[in-house]
Amino acid sequence: MSEPLVQGISDAELAALQRRTLITLVIAQMLGGAGLAAGVTVGALLAEDMLDSTSFSGLPAALFTTGSAAASLLVGRLSQRSGRRVGLAAGYAAGAAGGAGIVVAAVLDSVPLLLLSLLVYGAGTATNLQARYAGADLAGPAHRGRAVSVVLVATTVGAVAGPNLVDATGQLAEQLSIPRLAGPFLLATAAYAVAALVLQLRLRPDPLLTARALGEAPAPTSAPVATTPTGSGGGGIPLAAAAMVLTQIVMVAVMTMTPIHMRDHGHGLGATGLVISIHIACMYLPSPLTGMLADRAGRRPVIAAGGVVLLAAGLLAAVAPADSMVLLTVALALLGLGWNLGLIGGTALLTDSTPLATRARTQGAVDLSVSLAGAAGGLSSGLVVAATSYATLGLAGGAIALLILPILLRSADTLQSR
């Protein structure tokens, strides 16, 4: 189906197109969230069983975030060339293939296949994040934070349901003679595959291609589709990238080792799933409020708040007694909230700072850095805990989060000096 001509489009037609785009993205994100949650909840446990080493418990997070990094760049470039529909659908399809490969690897007890499949599975994570940009393509600068937040909050449904289906999918896997810990990846495979289908069928006309056409055509309406950077100064892209990179390192590192920490101190798989589901809920559920704050208070204050909340999360994780599920839950909830603030503030600032002509490619490149940072955080987390303790990991995460504040101050000083 070809893209429609946009000459003469009215404000009402553009608003209807944005609503259709957001509804389609919301449906896909609900499914994608379920796929994302599977790897977060049991990936480290499955790797520990197959590799027989706690030191490599962070390897799944490192691998699928490395895969996510590569996929971010590829999805961004594919979206730049062919539009969001093609890029996002391809990313989810790759995530489904990776999930299926993980299930097969568990059945065959094949470590090489597990490692390769984890890399491919990361494409689903990258696509979950790239979809937020599609929500902002047709939004004006004053509404971009809220548009991003609508897409992100939709992920909550699947992401919260996924960890709480660990026991059910594990039982299903055992009935199919599949290792119990591979069960959630059955859910991930199906969820990512359906998300790819939804986007391929419903994301028409393509939001990015339509926004470009609107930018190239004579402006027949007052619809606010910005085609040039707005209100961010020259430092918007590096600041947005730095904020999202640091946020991702802290979140992935602490989150990756929490299931291991809980298991080692007597908490069951159901309890672990509950804590992780609350964490993921706090990653996405506050998005509407965060988006509104980013639009009204500004991108930088929201990013600063994210750094402070992540610092609190790291400190609480460090001092919480290992047998206190309540304090661990609060720490992981703060970890999710801090990530939400940093990601939405950074995403809105990045979109403000990039013209439509290069937007998708730039967003993909920044998400590449974010995913590589997550890979480093995931891999190092297992090594840090094996060599020291979970408390040390929490303190290190808090210290890294604190770096966001001087970066913000330096950026503000640079803008003032111009």
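What follows draws every value from the coordinates through simple rules; no lab data is involved. Fair warning: this is a prediction, and the values are worked out from it, not measured in the lab. Neighbour counts run over all protein chains shown; Cβ positions are idealised from the backbone, glycine included.
Some values worked out for this structure:
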read-out	value
Degrees, to the nearest 10: 404-416 long Cα axis against longest axis of the chain	20 degrees
Linear extension gain, Ala386 paired with Val104, 0.36 nm per residue minus alpha-carbon span	98.6 nm
Computed FRET value (nearest 0.05) for Ser82 with Ala15, which takes r as the C-beta separation and R₀ as 30 Å	0.75
Acute angle (nearest 10 degrees) that the helix 299-319 long axis makes with the longest principal axis of the chain, alpha-carbon atoms	0 degrees
HN-Hα J in Hz across region 321-332 - Karplus 6.51, -1.76, 1.60, θ = phi - 60°, x for Gly and Pro	x, 4, 8, 8, 5, 5, 5, 5, 5, 5, 4, 6
Footprinting exposure proxy for Ser72, Ser117 (fewest neighbouring C-beta atoms within 10 Å first)	Ser117, Ser72
Order of Tyr390, Tyr284, Tyr133, Tyr121 under a 10 Å beta carbon neighbour criterion, fewest first	Tyr390, Tyr284, Tyr133, Tyr121
Förster-model FRET efficiency, 35 Å R0, Leu409 and His265, C-beta, rounded to 0.05	0.35
Angle between the chain longest axis and helix 84-108 axis [Cα atoms, degrees, rounded to 10]	10 degrees
Cα-Cα pairs of the chain separated by more than 40 Å (percent)	13 percent
